[in-house]
Amino acid sequence: MRAALVARLQRWQDRRAPAAAEVQLDHSRVYIVPSRAGIAYAATLLLILLAAINYQNSMAYGLVFTLGSLFIVAILHTYRNLSGLRVGSDAPQAVFAGEQARFIVHLQSQGKAHYAIAVGWGVHTAHTTDVLPAQAQRLELALPTSARGWLAAPRLRLSTGFPLGLLRAWSWLRSGQRVLVYPCPLAGELPTQHASASTAELAGLQALGQGTEDFLGLKPYQPGDAWHRLNWKAWSRGGPLLVKQFGEARGQDLALDYLALEGGREQRLSLLCHWVLRLAEQQRPFAFSLPGLHLPADCGVAHREACLRALALFEGHR
Amino acid sequence: MNVPRAGLTWLLIGQALLLVPLWWQLPPWLLLFWLVCSAWRIQVYRMRARVPGRGLRTAMVVLAAVAVFFSSGRSFGLETAAALVVAAFLLKLLELNTRRDAWVLLLLGLFCQVVAYLFDASLPWALYSVLPLAALLAAMVGLQGGQGERLGPPLRRAAGLLLQAVPLALLLFVCFPRIAPLWSLPLNSGQARTGLADVVAPGDIATLAQSPELAFRVSFDGPPPARRQLYWRAFTLERFDGRRWQQGGLSRFQAVQPWQPVGEPWRYRVIQEPTDKPWLFALDVARSTAPDVQQTQDYRLQRRRPVDQPLYYSVESWPQVVRDPQLAPALRQQNLQLPATGDPRMRAWASDMARRYPESEALVAAMLQRYHEQDYHYSLRPATLGSDSIDGFFFDTRRGFCAHFAGAMTFALRAAGIPARMVVGYQGGELNPAGNYFTVRQYDAHAWVEYWRQGQGWRSVDPTFAVAPQRIDQGLAEALGADEPFLQGSPFSMLRYRDLAWLNTLRLGWENLNYGWERWVLGYQQAQQSELLLRWFKGWAIWVLPTAGTLTVLLLGLAVLRPWRRQVDRVLRQFLRFERLLGWHGLTRAPGEGPHAFAERAAQQLPGSAQAIHTFAQAYTRQRYAGEAAAPATLAVQLNDVRRSLAGRTGPQRKPLP
């Protein structure tokens, strides 16, 4: 019952306030109700009014009217403290499953100070911050991840009780931001197609770091290529910036292949993820294939990102 | 959730301020209790002490409750209730760990303020109470956190909010319907009040004459009567036991005989100080429309409940009305009552007089003549009297105060067979030249005599006037002899220095202020409210609160929110223009797409303008997010570059300009 009501309310809110990367809070987005303290305050006022009536005490009347008017004034001020605030968000960095995704939220004032603004995903986990006119506030909100794939940012809740805490004004925001979650890397045996050579491969991997691999030739520099392979000598003579290419004998390129692995889907993806990271770290070219996708042998940041992205979003092979 | 430092500090300050007016009313050990609790709490905050455990806290609650019970004696009055509320207020300090605790403390504090008002709502304390209120509000602001941890900003903000709340509060104060008490709560404050008592021994009123305390204030509609006509009746004393006078049983509870107004009335308003007694003060013969007030057998005005708060009422008095032309037998008997024995000389003298003057009027005149011509003295220090007090005073010492003269005369009239009684109240008052009102003080307390005559009813006569006419015409200070200084017991009373003109002006100004406060604020209850609203708004009175209330809130909203000064972000406006411009070329920003990503995509799709688009987007991002100074003019120029670079472009994506 309660859950259904909450869901309906949220749908209604979503219709009123569509998702946007940057919004300015105004009356269509800010909600305000008495806080629990505000309700207790109102009950106290009722008691004081009773005392004023029964003792015919003008000062008690005066007190109750002053405090009651303060409540009205507090409604305006609490609303004002939240409205006009500009909230923006940046696309977050991809993370591995199990890590905390970091969503960036910018809070910026439109000329007035906003105090004690609580920002968070829920009611209980919130940062409280002041937003002053001169400076923009940049907040990092962590969100735990568990499964790979796209993770949409939940509704962001901005709320404040300032100045008196008698009321709570809040706004739900959908930034529309999402974070790509890679599989969680899982250490294990490297599965190559050359199962017979696997021992030698592993020995070779050790040697790779020492740079004793066969020299294959030169290729033009691309961002992401390892600096220690740059052909500095040629460059210093005025030639183009080239990268020395080392390689193994043809046919000995490493290939990470989903189908060559054993185990469940997520386990295989995690294992592949581990090796993508490891090989990329060692600047070693490798081919990569998933059912329905084949990336030829390459190395560099772009290749690594493409592999990880494919791993994160892989849906086939149940 | 911890209690922020600013909130805690203001809470402690507010509590200290709040308790100041209460220390006069509360048992002194509570002060010690407060010091202990505050010191403990501060040490907890400084990490020098631990929060007391549950057992210790329970023990302290029990201790406090027992101490309150014992120090209050047997009666459960306002003092006891106040002591309990304050004890709870203090004990809660030890359990101040979360914001919720702080809120409980705050709300208890508001309640303590009400208790303080019940004890004393005079102008100085009412002004003072703004301080604790502001501190409590500052504590509320401080509890929200924000603004750093400094103490100044919360107080400034609280003061600002308080000021903004004033107009609406004033409106509510004037227009919110005042209603009669829902149920009767005895405000038995237990504290002794100076004033007239039910039982009067001859010396009592003389003691009262030493007190400069305020009794009541009166303002007349139209010219006030002469001073010698101002006999403010409180009640009558009809039973004499040989020493003291007491109220008669009949006159206290029975309703008065109906009477018809005759002649021109005096109309006036009284603001009476609390007396903890039910009677009001009025000139004869009075009628009041105040709620709960009735007139009893002896023509006094009496309220159902004691006057425990300053009371405002309006009265009409018809001095020419004949009271009780026929006297009921029971009443007659009550007003002829004398003790079985005692005062033989007076009895003999009275029967002798009755023989010589068969007309009661002549007898009264003869008695007054004796007071006037023989060696009687008006004095605050009457000699000590033996067992036959009337005889001793009338024939031997001959020094006395009004109650002596009135008592002896009532006795003599009764002994002569004329129904008579003593009336107690106040006589005269000080006319404030600026305010056109009389201030009546305790030293104006007076006693006089009423005797009954067939067909003419009750007639008043004042023996004091025969002895010391200046008392009636000018006041007590002038009537006293040179050896009896006025207000001997209160050396600091400004009334003693009435000869100093500037001091007297100052005193009268202060009195004026207090009068206004009592009349317009403390006395503003049902009667005065309906009177005022009717005078100002006629039949529209009920519309005033909703209309003016809506208007006030509306104005307040405009003043606080200032919709016309909504700051438009000019940097953002340039970006929105940029978006619109690209929109015409078929590019719309996806939800979640940041400005940078959007520009990147646009540059790819519109390679001819890539340079301009990048320049604009980078400048915008720097100004918006990298803390660079906002320069919307530069952005506008760059946006123009984009527009120009797009201008020559024609293509399938181009949509017609709207």
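Just checking, does region A:111-127 include any residue being polar (S, T, N, Q), crowded, with 16+ Cβ neighbours inside 10 Å and more than 8 Å from every other protein chain (Cβ to nearest Cβ)?
From region A:111-127, those polar (S, T, N, Q) are A:125; that's our starting set.
Next, only the ones that are crowded, with 16+ Cβ neighbours inside 10 Å stay: none.
No: zero hits.
Could you list, in sequence order, the residues of region A:134-155 that are touching a residue at least 40 places away in the same chain (Cβ under 8 Å) and either among the polar types (S, T, N, Q) or farther than 28 Å from A:P185 by Cα (or both)?
Correct list: A:T145, A:S146, A:R155.
Write out, first by first residue and then by second, each pair whose Cβ atoms fall under 7 Å of each other, whose residues are 6+ apart or on separate chains, and whose first residue, in region A:54-75, is on the phi > 0 side of the Ramachandran plot while the second is at pLDDT below 95.
Sorted first by the residue in region A:54-75, then by its partner, the pairs are A:Q56/B:P181; A:Q56/B:Q309; A:Q56/B:Q525.
Does A:S159 count as outside any helix (DSSP H, G or I), within 13 Å of chain B (Cβ to nearest Cβ) and in contact with a helix residue (DSSP H, G or I) (Cβ under 8 Å, 6 or more places away or on another chain)?
Details: outside any helix (DSSP H, G or I): yes; within 13 Å of chain B (Cβ to nearest Cβ): yes; in contact with a helix residue (DSSP H, G or I) (Cβ under 8 Å, 6 or more places away or on another chain): yes.
Judged against the criteria, A:S159 is a match.
Restricting attention to region B:260-294, report how many residues are open to solvent by less than 40 Å² (accessible area, probe 1.4 Å), modelled with pLDDT under 90 and more than 27 Å from B:S122 (Cβ to Cβ).
Number of matching residues: 2.
Mind checking which residues of region B:8-46 are surrounded by 14 or more Cβ atoms within 10 Å (Cβ to Cβ) and basic (K, R)?
B:R41, the sole residue that qualifies.
Wholly within region B:496-611, which helices (runs of 4 or more DSSP H) include no fewer than the required count, namely at least 2 residues that are under 35 Å from the mean Cα position of the chain (by Cα)?
Working: elements: B:501-516, B:526-537, B:541-561, B:570-584, B:595-605.
Fully inside region B:496-611 and qualifying: B:501-516, B:526-537, B:541-561.
Can you list the strands (runs of 3 or more DSSP E) lying wholly within region A:89-153 that have 3 or more residues being of a type in the set (A, V, I, L, M) and modelled with pLDDT of 85 or more?
A:100-108, A:114-120, A:137-144
Counting only residues that are open to solvent by 50 Å² or more (accessible area, probe 1.4 Å), assigned to a helix (DSSP H, G or I), in contact (Cβ under 8 Å) with a residue 12 or more places away in the chain and more than 7 Å from chain A (Cβ to nearest Cβ), how many does region B:157-183 have?
1
Looking at (1) among the acidic types (D, E); (2) more than 14 Å from chain A (Cβ to nearest Cβ); (3) crowded, with 19+ Cβ neighbours inside 10 Å, which is the one condition that is false for B:D308?
Unmet condition: (2).
When you scan region A:29-66, how many residues do you find that are surrounded by 22 or more Cβ atoms within 10 Å (Cβ to Cβ), in a helix (DSSP H, G or I) and more than 7 Å from chain B (Cβ to nearest Cβ)?
2
Give region B:132-156 a look and list any residue that's open to solvent by 10 Å² or more (accessible area, probe 1.4 Å) and facing chain A (nearest Cβ under 10 Å), or say none.
So in region B:132-156, the residues open to solvent by 10 Å² or more (accessible area, probe 1.4 Å) come out as B:133-134, B:144-153, B:155-156.
B:L133, B:Q144, B:G145, B:G146, B:Q147, B:G148, B:P153, listed by residue number.
Among the charged types (D, E, K, R), assigned to a loop (DSSP other than H, G, I, E, B) and closer than 21 Å to B:C402 by Cβ: does that describe B:D375? Lay out the reasoning, then the answer.
On the way: among the charged types (D, E, K, R): yes; assigned to a loop (DSSP other than H, G, I, E, B): yes; closer than 21 Å to B:C402 by Cβ: yes.
In short, yes.
Restricting to region B:317-343, and then to whatever is open to solvent by less than 80 Å² (accessible area, probe 1.4 Å) and part of a helix (DSSP H, G or I), can you tell me which residue is nearest to B:G407 (Cα to Cα)? Step through it out loud before you land on a result.
Of all residues in region B:317-343, those open to solvent by less than 80 Å² (accessible area, probe 1.4 Å) come to B:317-319, B:321-325, B:327-328, B:330-331, B:334-339, B:342-343.
Filter once more, so that each one left must be part of a helix (DSSP H, G or I): B:330-331, B:334.
Working: B:A330: 21, B:L331: 19, B:Q334: 15 Å.
Only one residue tops the list, namely B:Q334.
Scan region A:21-28 and give yes if some residue there is within 11 Å of another protein chain (Cβ to nearest Cβ), outside any strand (DSSP E or B) and surrounded by fewer than 17 Cβ atoms within 10 Å (Cβ to Cβ), otherwise no.
Scanning region A:21-28, I find at least one residue that is within 11 Å of another protein chain (Cβ to nearest Cβ), outside any strand (DSSP E or B) and surrounded by fewer than 17 Cβ atoms within 10 Å (Cβ to Cβ), so the answer is yes.
Of all residues in region B:612-633, which are farther than 14 Å from B:R577 by Cα, assigned to a helix (DSSP H, G or I) and either touching a residue at least 12 places away in the same chain (Cβ under 8 Å) or not aromatic (F, W, Y) (or both)?
Once the filter is applied, which keeps residues that are farther than 14 Å from B:R577 by Cα, assigned to a helix (DSSP H, G or I) and either touching a residue at least 12 places away in the same chain (Cβ under 8 Å) or not aromatic (F, W, Y) (or both), region B:612-633 yields B:A612, B:H614, B:T615, B:Q618, B:A619, B:T621, B:R622, B:Q623, B:R624.
Taking region A:304-318, which residues are modelled with pLDDT of 85 or more and either surrounded by fewer than 18 Cβ atoms within 10 Å (Cβ to Cβ) or touching a Gly at 6+ places or on another chain (Cβ under 8 Å) (or both)?
Scanning region A:304-318 gives A:E305, A:A306, A:R309, A:A312, A:L313, A:E315.
Is there a residue in region B:96-106 that is in the same structural domain as B:A39 (by TED's automatic domain parsing), under 20 Å from B:W29 (Cα atoms) and crowded, with 16+ Cβ neighbours inside 10 Å?
The answer is no, given that none of the residues of region B:96-106 is in the same structural domain as B:A39 (by TED's automatic domain parsing), under 20 Å from B:W29 (Cα atoms) and crowded, with 16+ Cβ neighbours inside 10 Å.
The values are calculated or read from the model by the stated rules, or taken from the named source; none is laboratory data. Since we're looking at a predicted model, the values are computed, not measured. Backbone-built Cβ (ideal geometry, glycine too); neighbour counts: all protein chains shown. The protein model used for the area step is the full one, side chains on, heavy atoms only, and it has no ligands, DNA or RNA in it. Shrake-Rupley method; radii C 1.70, N 1.55, O 1.52, S 1.80 Å.
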